[in-house]
1. Considering only residues of region 84-105 that are touching a helix residue (DSSP H, G or I) at 6+ places or on another chain (Cβ under 7 Å) and in contact (Cβ under 8 Å) with a residue 24 or more places away in the chain, which is surrounded by the fewest Cβ atoms within 10 Å (Cβ to Cβ)?
2. So for region 38-45 (the condition being closer than 26 Å to ASP100 by Cα and either surrounded by 12 or more Cβ atoms within 10 Å (Cβ to Cβ) or hydrophobic (A, V, I, L, M, F, W, C) (or both)), does at least one residue qualify?
3. Of the residues that sit in region 58-83 and are part of a helix (DSSP H, G or I) and among the polar types (S, T, N, Q), which one is surrounded by the most Cβ atoms within 10 Å (Cβ to Cβ)?
4. Do you know which residues across region 112-122 are free of Cβ contacts under 8 Å to residues at least 40 places away in the same chain and either surrounded by 12 or more Cβ atoms within 10 Å (Cβ to Cβ) or farther than 25 Å from ALA46 by Cβ (or both)?
5. Restricting the first residue to region 57-69 and requiring it to be of a type in the set (Ser, Thr, Tyr), which pairs with a second residue that is surrounded by 10 or more Cβ atoms within 10 Å (Cβ to Cβ) and assigned to a helix (DSSP H, G or I) meet a Cβ separation below 9 Å and a spacing of at least six or different chains?
Amino acid sequence: MLHDKPILSKHKSPPSPNILAPEDTPIRLQAFMDICRKAGQRSAEANWNMMCQLLHDKSPQLPGTDALSYMSTCLTYFNATWLILMKRMADDDEAGIETDEMIQAVLEGAQKLMKSVKINEG
């Protein structure tokens with residue numbers, strides 16, 4: 001169920017997958033968004049390196065496909081835990097945000113970012 005005007009919250013709209021390029025970000029939000037972008041990238045890289053090291057320590061000869069599978073499991077649990085924590089905060093704030101809205105916004109946002117990044121595939 002979509003809530004246009006959440007009860008007792010300053011949140012005026014449901015979560016959105018809209019990805020704003022740095023140059024399209026409103027000036028009042030640029031500093032915070034830049035902090036979030038950089039922190040997200042650093043966190044992803046640090047988590048990747050940590051998991052690579054952990055997997056290598058446990059099994060130095062781990063095939064790449066197995067490592068990717070384990071990384072996917074780590075990412076799934078990270079995302080689910082993060083979404084659960086955000087949902088609890090939204091519920092405490094009575095923001096009227098549904099779980100499916102949060103999941104959809106994150107997935108669509110990730111898809112948009114992936115499509116905007118040139119990845120050398122071959």
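1. Among residues in region 84-105 that are touching a helix residue (DSSP H, G or I) at 6+ places or on another chain (Cβ under 7 Å) and in contact (Cβ under 8 Å) with a residue 24 or more places away in the chain, the one surrounded by the fewest Cβ atoms within 10 Å (Cβ to Cβ) is MET102.
2. Looking through region 38-45, at least one residue is closer than 26 Å to ASP100 by Cα and either surrounded by 12 or more Cβ atoms within 10 Å (Cβ to Cβ) or hydrophobic (A, V, I, L, M, F, W, C) (or both).
3. Only one residue tops the list, namely ASN79.
4. Matches in region 112-122: GLY122 only.
5. SER59/ASP66; SER59/ALA67
Read the figures in this text as sums done on the coordinates, not as results from a lab. Every value quoted in this text rests on a predicted model; they were computed, and no experiment measured them. Positions of Cβ are backbone-derived with ideal geometry, glycine not excepted, and every protein chain shown enters the neighbour counts.
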